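Below: the structure, in structure tokens.
The values are calculated or read from the model by the stated rules, or taken from the named source; none is laboratory data. Because the structure is predicted, anything quoted here is derived from the model rather than measured. Cβ placement follows ideal geometry from the backbone for every residue including glycine, while neighbour counts extend to all protein chains displayed. Ligands, DNA and RNA are stripped out before the accessible areas are found, and what is left, the full protein with its side chains, is counted by its heavy atoms. Shrake-Rupley method; radii C 1.70, N 1.55, O 1.52, S 1.80 Å.
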Amino acid sequence: MATNGLNQNGQQTGTEAVKRGLAQMLKGGVIMDVVTPEHAKIAEDAGACAVMALERVPADIRATGGVARMSDPDMIDGIMKAVSIPVMAKARIGHFVEAQILQAMGVDYIDESEVLTPADEEHHINKHKFTVPFVCGCRNLGEALRRIAEGAAMIRTKGEAGTGDVVEAVRHARAVNGEIRRIGAMDEDELFTYAKNIQAPYALVKETAELGRLPVVNFAAGGVATPADAALMMQLGVDGVFVGSGIFKSGDPAKRAKAIVEAVTHYDNPDILVKVSRNLGEAMVGINVSGMPEGDKIAGRGW
Amino acid sequence: MKIGVLALQGAFLEHEKVLRSLGVTAVEVRLPEHLHDLDGLIIPGGESTTIGKLAVDYGLLEPLRQFATAYPTWGTCAGLIFLAKDIGIDRQPVLGLMDIHVNRNAFGRQVDSFEVDLAVPALGDVPFPALFIRAPVITAVEPGVTVLSRLADGRIVAAQQGHLLATAFHPELTGDPRFHRYFLKMIEKVENLRTSD
């Protein structure tokens, strides 16, 4: 297994800067869920900055039910061979052996993801032990900073995966950025108490307050289905967008994928947003989150 | 001084931050009209395939080529690939202005990404903290290209050809502004030549 430290050329691998650095290269881009090498090619041709390899997109995980696990290495390998952009893959929350397997295969980023069935209901993976970087989901600042304390090199707001309803993505992005704006106005005495209340390490709360943003890159995820959804999340202040079921559950995946990529680049240019929103065919059908039983929501997984 | 940063995708905000800390105006370039009135351009790191496609689709390829033919332009990582004449078997749109041969993802996947203190004689004796993220490498240079830095194993990771600068690593991420200062000096030199004409 690869370990952090000096390689044979005296170069440091797996450092925080190296792990966070790849996320910085993905900024302003779209990371797309793909289930086959053909999907991965479509995503790359549309301009995706990375792909997430998984066996079923979240909408299908929802529909099928049962236990959702790490994908078959063979299927991930096929996708890694098909494209030159970075390939991410999902491990279950707390399942550090799935993460070891993904690292040994050479995936570029691991998503410790609530979309899969959690393997541990108390502990997340100790991500400091890995050379490969991790991205983790969050619904608020406390959750984001706990994941960063565990070694996450990138954060994504959770949204509600597999619904095509952007409302939860908006809620979580607003929660994180609103809290960051509030701690920016706090003095040190207040920050100590705030850190305790949101169950996050004080040092990270203080660093975030000083930076005026999370110390790592933060993408939006969970429910983005249209170019307008993607641009909305960008204008709310995220660094980029994950699109899961929204592309390959739509009528014309190639066209929609390209339109969402362009909407993320030109997120503050309404004239271009008009152009890329035209004639995209059918969007994914979607599930209205407000009518969904609490037990069906997956954003509550991971704590 | 006003420097554009190609802002189609990638780490453009990080470059802007360093430029502003050096007292330079930074402008985000997403469309051809954003290239007007700039003294230089930085093409940042990001996914080179993504940046290439967006440049083609929004009519930026030829305007960028014209700009970089006339004005100082610096490419980091994906930007280096974008400036190069030869990127091997990959068929992706590039500006093709620097006489360098490039191998994309030369070090392997992300688990092979690394940081190292790099000797860059043009920046002085203190080594430069260099971050290589799924980085390319310059496999060969043609006459007219100056090699600015090599790894310990001899592979070329920084080069200059007249007013064009290329680094395989990310000076915008490591808090050392010496490469940005070096680029500003290149711009001043070009502008001095113009005014003395």
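For this structure, a couple of remarks:
- Take each residue of peptide B:55-64, count the partner chain Cβ atoms within 10 Å of its Cβ, and average: the result is 1.
- Surface accessible to a 1.4 Å probe, A:Thr117 within the full protein complex, Å²: 40 Å²
- The overall shape of segment A:18-90, judged from the alpha-carbon gyration tensor, is prolate: a/c is not under 1.5, and a/b is greater than b/c.
- Most mobile of A:Gly159, A:Gly151, A:Gly14 in a GNM of chain A (Cα contacts under 10 Å): A:Gly14
- Look at the stretch A:126-132: the mean tally of other chain Cβ atoms within 10 Å of its residues' Cβ atoms is 1.
- Comparing A:Val107, A:Val30, A:Val115 in a Gaussian network model of chain A (Cα springs below 10 Å), the most mobile by mean-square fluctuation is A:Val107.
- Cα gyration tensor shape for segment B:70-142, rounded if a/c is under 1.5, else prolate or oblate: oblate
- Heavy atoms of A:Lys129: accessible area, 1.4 Å probe, square angstrom to 10: 140 Å²
- The alpha carbon centroids of segment A:110-136 and segment A:188-205 are separated by 24 Å.
- Cβ-Cβ distance of A:Gln199 and A:Ser290, R₀ of 25 Å, FRET efficiency by 1/(1 + (r/R0)^6): the value works out to about 0.35.
- Total lysine pairs whose alpha carbons fall under 25 Å of each other in segment B:2-196 (8 or more apart, or interchain): 8
- When the helices of chain A are scored as -39500 (n - 2.57) per DSSP H run of n ≥ 4 and the total is divided over every residue, the value at 222 nm lands at -12500 deg cm²/dmol.
- For chain B, the gyration tensor built on C-alpha atoms gives a rounded shape. Its axis ratio a/c (a ≥ b ≥ c) stays under 1.5.
- Between B:Ser149, B:Ser48, B:Ser21, the residue with the greatest mean-square fluctuation in the GNM of chain B (Cα pairs under 10 Å linked by springs) is B:Ser21.
- When all protein chains stay in place and ligands, DNA and RNA are ignored, the 1.4 Å accessible-area order of A:Met52, B:Met1, A:Met75, largest first, is B:Met1, A:Met75, A:Met52.
- Estimated at the nearest 10 Å², the accessible area of B:Tyr182 is 50 Å² with a 1.4 Å probe.
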